[in-house]
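The values are calculated or read from the model by the stated rules, or taken from the named source; none is laboratory data. Keep in mind that this is a model prediction, so the values were computed, not measured. Positions of Cβ are backbone-derived with ideal geometry, glycine not excepted, and every protein chain shown enters the neighbour counts. Ligands, DNA and RNA are stripped out before the accessible areas are found, and what is left, the full protein with its side chains, is counted by its heavy atoms. Shrake-Rupley method; radii C 1.70, N 1.55, O 1.52, S 1.80 Å.
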Amino acid sequence: MRKNLLKTLVAAAAFVAAGAASAAQVYTMNIGGTDYQFDQIDWSSGGSAWSPNYDPTNPNATFDLFVMSKAVGLNLNNASVYTFDASSPFELTLFARLNETVIDETTKLNPTRTTQDFTLNYGSWTVRQDAAKNSDLSTGAGIADGNVVLTGTFNPGLSGQFALNNGVTGQGSETLEGVVTITAPGFMTPTPVGTTAGTELRFGNAANGVGWTAPVSFSNGSDAGVIDASMGFNPNNQLLLQADGSQGFIPEPASMALVGLGLAGMAAVRRRK
């Protein structure tokens, strides 16, 4: 009997773990004494991305892109389960740095072409938690002064596509996969080892009227510096974009197996009763 029960537990654990690997993983975050289950951090549509060295006339355009934002909520199955507001005990902020290369030669040589493709060379990201709740996306202040709770890197490879309109307005999206290198103890369970982030980017007139204010500076002055608040290009080839995104996570395989083992154990005990 005990051997059969053990076989049932192992088989069920493997089945549940396999299913969890193919579906969105549910995590738990404690906020103000309440546990919230979520599968995505929803980053603000008022976030910004900035490149100090993007040059559309360069046929070998490799450039840096900085991203800053703050969390507006937690989602589960594309529905909001928690909203960060003035009553929240803390805020979450994001700062990322990417290095990318334009890979569509015809686009670089013909500015009237409508699409441009990018590949990621390397990238890193950090999420901070701050009880002071002093971040300001319009000035870039307070983004990088909290405690680090998540950090990691993005994997190189094809990162996204951008639709252009004569170089003065446009929008596009990027999907970035990576690894989690640091998770603060107790911040979220289970412990994630990977991440998938999706970002929608807009500049010029495409960024008007959608809840975004062009910032006057970025959070990390040593890397990103002070920017020109004009949308689009300025004389120094700075590029400023609105950034809206969300971020999901991938758990440790051992965590998925333990969850499956626990569920299978409860089912087996129920049957025995």
- Query: In the stretch 86-95, what residues are part of a strand (DSSP E or B) and open to solvent by 10 Å² or more (accessible area, probe 1.4 Å)?
  - Reply: GLU91, LEU94, PHE95
- In the set GLY170, GLY178, the lone residue that is at pLDDT 85 or above and of a type in the set (Gly, Ala, Ser) is GLY178
- Message: Take PRO111 and tell me if it is open to solvent by 10 Å² or more (accessible area, probe 1.4 Å), at pLDDT 95 or above and not small (Gly, Ala, Ser).
- Response: no
- Message: Condition first: of a type outside the set (Asp, Glu), modelled with pLDDT under 95 and within 17 Å of the chain's Cα centre (by Cα). Can you find one or more residues in the stretch 4-17 that meet it?
- Response: no
- Item | Count of residues meeting criterion [assigned to a strand (DSSP E or B) and farther than 22 Å from LEU176 by Cβ] in the stretch 30-85 | 11
- Output the number of residues of the stretch 154-198 satisfying the condition of being farther than 21 Å from GLN25 by Cα, open to solvent by less than 60 Å² (accessible area, probe 1.4 Å), without any contact (Cβ under 8 Å) to a residue 40 or more places away in the chain and out of contact with any helix residue (DSSP H, G or I) (no Cβ under 9 Å at 6 or more places or on another chain). 1
